[in-house]
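**Student:** Sharing a structure below in structure tokens format, with a few things to ask.
Each reported figure results from applying straightforward, stated rules to the coordinates on display, with no laboratory input. Computed from a prediction, not measured in an experiment: that's the story for all the values here. With ideal geometry, Cβ positions are generated from the backbone for all residues, glycine too; neighbour counts draw on all protein chains shown.
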């Protein structure tokens, strides 16, 4: 069985590319050793915000704002960060909207979880008589 690093890609292939915590549909433009140049066609997952080395910590020295790569923007990625893309290429604007909406929903769910967890631990704190 081949892993992603041993797959044979060619210029013109439509691939999924992992780039700085985001995931995109892209056209492979060229391969240079262990890297490939790709052209972004759609956004599958919006990049995460904040410090990736300290996830979910709002109290970091620099809270990074990461923008999605733009339509037809070219970037280099390691071959291991590519995978084949099956199916149609989504419309860029629609895919960006869906990716942002998905990120907002995930953060809202995390925020609601945090509120419930805090409520539970405060109740336990009372029960423990701390």
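**Student:** Out of the range 31-69, which residues are more than 23 Å from residue 111 (Cα to Cα), touching a residue at least 24 places away in the same chain (Cβ under 8 Å) and either out of contact with any strand residue (DSSP E or B) (no Cβ under 7 Å at 6 or more places or on another chain) or surrounded by 13 or more Cβ atoms within 10 Å (Cβ to Cβ) (or both)?
**Tutor:** Just the residues of the range 31-69 that are more than 23 Å from residue 111 (Cα to Cα), to begin with: 31-43, 69.
Filter once more, so that each one left must be touching a residue at least 24 places away in the same chain (Cβ under 8 Å): 31-32, 34-43, 69.
Of everything in the range 31-69, those that are more than 23 Å from residue 111 (Cα to Cα), touching a residue at least 24 places away in the same chain (Cβ under 8 Å) and either out of contact with any strand residue (DSSP E or B) (no Cβ under 7 Å at 6 or more places or on another chain) or surrounded by 13 or more Cβ atoms within 10 Å (Cβ to Cβ) (or both) turn out to be 31, 32, 35, 36, 37, 38, 39, 40, 41, 42, 43, 69.
**Student:** Which of the residues spanning the range 20-34 are closer than 10 Å to residue 82 by Cβ and under 18 Å from the mean Cα position of the chain (by Cα)?
**Tutor:** 26
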